[in-house]
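Beneath this line is the structure, given in structure tokens, with notes to follow.
Read the figures in this text as sums done on the coordinates, not as results from a lab. Just so it is clear, the model here is predicted, and its values are computed rather than measured. Cβ sites come from the backbone with ideal geometry, for glycine too, and all protein chains shown count toward neighbours.
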Amino acid sequence: MDYNYIKSLHLIFVITWFAGLFYIVRLFVYHIEANDKPSPEKEILIKQYKLMSYRLWYIITWPSAVLASIFAYWMIFFTPTGQAWLTQPWMHVKLCFVFLLYLYHAKCHQIFKQLQNDEVKHTTGFMRLWNEGATLILFAVVFLVILKSAINWIYGVVGIMAFSIVIMLGFKFYKKVRERNGS
């Protein structure tokens, strides 16, 4: 019974963590775009995006990451089911993707700090593609958890790659439309 509560809390915080990661990168895009606006619009927008990013990052995203990790650790190391999962190859692969998620989160934190300090080191195009990183990790983890197979997840990853190609083509199409419309 306790296991299901812990699992539910873990899942809730994983969802809010991903929501934060998805939205923070969108805010990065808007923040970078604001740099091209004329004054005083530029200063007003940047101030607002800094505030929104700060609140999202420290009130939702970071706490969610920490709580998702705590509940995951609890499930794995303090329940018989979790300990059994550690012997499964699919769980090893999943934990590798979780490690990639932590790296993605750390890079987002670095970009967050740069933008908070008015350092723009990336383009909006890079940010739009970077935003798909969390999506790819989410797809891989969900397929692994549902299929519980270290082999069958490959089909999911092939699907992710196809999805990525569609996203990149969509991004290029969107960019051309924006350039054509002058916005």
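Take peptides 49-60, 163-174, 25-36 and line them up by average Cβ neighbours within 10 Å, highest first, as a rough protection proxy.
Highest-to-lowest ranking by the protection proxy: 25-36, 49-60, 163-174.
So what's the gap between the Cα centers of the range 104-131 and the range 2-39, to the nearest angstrom?
The range 104-131 and the range 2-39 have Cα centres spaced 13 Å from each other.
What share of all Cα pairs of the range 2-181, in percent, falls into each consecutive 5 Å distance bin?
Pairs per bin, as whole percents: 1, 7, 14, 17, 16, 15, 11, 8, 5, 3, 1, 0, 0.
Residue by residue, what Karplus-based ³J(HN,Hα) values in Hz, rounded to whole numbers, does the range 9-22 have, using 6.51, -1.76 and 1.60 with θ = phi - 60° and x for Gly and Pro?
5, 4, 5, 4, 6, 5, 4, 5, 4, 5, 4, x, 5, 5
Over the range 2-181, what relative contact order in percent results from Cα pairs under 8 Å that are six or more residues apart?
27
Among Lys121/Lys175; Lys94/Lys176; Lys42/Lys175; Lys7/Lys113, which pairs are too far apart, with a Cα-Cα distance over 29 Å?
Lys94/Lys176; Lys7/Lys113
Kindly put Thr81, Thr61, Thr124 in sequence by how many other C-beta atoms sit within 10 Å of each C-beta, fewest to most.
Starting with the residue having the fewest Cβ neighbours, the order is Thr81, Thr124, Thr61.
Through the Karplus equation 6.51 cos²θ - 1.76 cosθ + 1.60, θ set to phi - 60°, convert the phi angles of the range 128-138 into ³J(HN,Hα) values in whole Hz; use x for Gly and Pro.
So the J values, rounded to whole Hz, are 5, 6, 4, 4, 7, x, 5, 4, 4, 5, 4.
Taking amide H positions as placed 1.01 Å from N in the peptide plane, with prolines and chain starts having none, which residues 5 or more places from Lys148, or on another chain, fall under 5 Å of its amide H?
The answer is none.
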